[in-house]
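Below you'll find the structure, written out as structure tokens, and then a few comments.
The numbers here are math on the coordinates, done by the rules we state, and not lab data. The structure presented is a predicted model; accordingly, all values stated were derived computationally and were not measured. For neighbour counting, all protein chains shown are included, and Cβ atoms are generated from backbone atoms with ideal geometry for every residue, glycine included.
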Amino acid sequence: DTAVSQTPKYLVTQMGNDKSIKCEQNLGHDTMYWYKQDSKKFLKIMFSYNNKELIINETVPNRFSPKSPDKAHLNLHINSLELGDSAVYFCASSPPETLIIQYFGAGTRLSVL
Amino acid sequence: TQLLEQSPQFLSIQEGENLTVYCNSSSVFSSLQWYRQEPGEGPVLLVTVVTGGEVKKLKRLTFQFGDARKDSSLHITAAQPGDTGLYLCAANDYKLSFGAGTTVTVRA
């Protein structure tokens with residue numbers, strides 16, 4: 001069973017479109033995250049939610065809006081996509097006893113044309 | 001400015017050779033982690049080091065946390081093609097901050 005699953009795996013779209021990436025974890029964790037990995041493999045946190053509540057919001061354009069319908073799901077919606085949004089987006093989750101241990105999904109490769 | 005500096009950026013070696021990857025910072029951390037990421041996959045946690053001077057071994061991988069808790073190293077003995085991947089160090093300063101990674105290629 002996949003612990004942290006993301007869909008879709010690949011997303012190719014035109015500039016200006018709106019798209020969503022979904023994430024689900026079946027680990028019973030309270031905390032979930034979105035990371036962006038750029039073309040140089042640098043991995044940077046974007047958002048963190050704890051039990052559906054936003055706790056970390058890094059300097060991310062407000063075109064990016066995370067939504068957590070319940071603590072097992074954290075989706076990422078992106079409006080008006082730009083070329084610079086092309087990257088691999090990773091969802092992750094942490095157990096309640098420690099936030100430093102994170103389980104990552106397989107990533108969603110977003111290509112904006 | 002990145003919190004964690006990893007070196008080298010790329011490393012290509014022959015199967016059976018040893019390698020060391022470094023992670024350095026000017027900040028002190030309560031803990032530091034190493035992850036490995038394979039192509040098309042997410043990072044997978046290898047180890048967490050907590051105590052200054054701590055050494056942890058995971059089969060052929062040896063992890064060391066510096067005495068001052070500002071740096072760490074990962075040493076792989078007798079590398080195998082299956083060790084190929086992106087090695088990332090990460091530190092927790094209210095959020096998990098990653099280094100830029102070292103891409104390791106082990107040639108058969």
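The loop-placed GluC sites (Glu not before Pro) in the range A:13-101, going by DSSP, that have at most 15 neighbouring Cβ atoms within 10 Å of their Cβ come out as A:58, A:82, A:97. The relative contact order of chain B comes to 37 percent, based on Cα pairs under 8 Å that sit 6 or more residues apart.
The mean number of partner chain beta-carbon atoms within 10 angstrom of a residue's beta-carbon across peptide B:38-48 is 4. Pairs with C-alpha atoms separated by more than 30 Å, drawn from the list A:71/B:57; A:19/A:40; A:41/B:57, are A:71/B:57.
The GNM of chain B, with springs linking C-alpha atoms under 10 angstrom apart, assigns the highest mean-square fluctuation among B:64, B:14, B:33 to B:14.
Determine how many Å³ per residue the convex hull of the Cα atoms of the range B:1-61 encloses. List each step's numbers first, then the result.
On the way: hull volume 8.1 nm³, N = 61.
It comes to 132 Å³ per residue, whole-number rounded.
When you filter the trypsin sites (Lys or Arg not before Pro) in chain B for DSSP loop state and at most 11 other Cβ atoms inside 10 Å of their Cβ, you are left with B:59.
With the Cα gyration tensor of chain B in hand, give its eigenvalues times 5 under a square root as the equivalent ellipsoid semi-axes, listed largest first in whole angstrom. Before the final figure, lay out each step's value.
Numbers: eigenvalues 100, 44, 28 Å².
Working from the Cα gyration tensor, I get semi-axes of 22, 15, 12 Å.
For peptide A:7-16, the mean count of partner chain Cβ atoms within 10 Å of a residue's Cβ comes to 0.
Treating each Cα of the range B:61-108 as an identical point scatterer and summing with the Debye formula, the log10 of I(q)/I(0) at q = 0.13, 0.24 Å⁻¹ comes to -0.38, -0.98. Stokes-Einstein diffusion for the protein assembly as shown at 37 °C, viscosity 0.692 mPa s, with a Kirkwood radius from C-alpha pairs, works out to 182 µm²/s.
Toward the positive end of the charge dipole of the protein assembly as shown, with +1 on the Cβ of Lys and Arg and -1 on the Cβ of Asp and Glu, the farthest Cα among A:6, B:88, B:43 is that of A:6. Remark: mean inter-chain Cβ contacts per residue of B:96-105 equal 4, using a 10 Å Cβ-Cβ cutoff to other protein chain atoms.
Given a cut-off of under 8 Å on Cα pairs at least six residues apart, what relative contact order in percent is computed for chain A?
Details: 285 pairs, mean separation 41.5, N = 113.
Computed value for chain A: 37 percent relative contact order.
So what's the projected area for chain A, the Cα convex hull averaged over all directions, in nm²? Before the final figure, lay out each step's value.
Values: hull surface 26.2 nm².
Average projection, Cα convex hull of chain A: 6.6 nm².
Among the chymotrypsin sites (Phe, Trp or Tyr not before Pro) within the range B:32-108, those in coil by DSSP and having at most 15 neighbouring Cβ atoms inside 10 Å are B:94.
Report, in debye and to the nearest 20, how large the dipole of chain A comes out about its Cα centre when Lys and Arg carry +1 and Asp and Glu carry -1 on their Cβ. Before the final figure, lay out each step's value.
Numbers: 12 positive and 11 negative charges, 66 e Å.
Computed charge dipole of chain A: roughly 320 debye.
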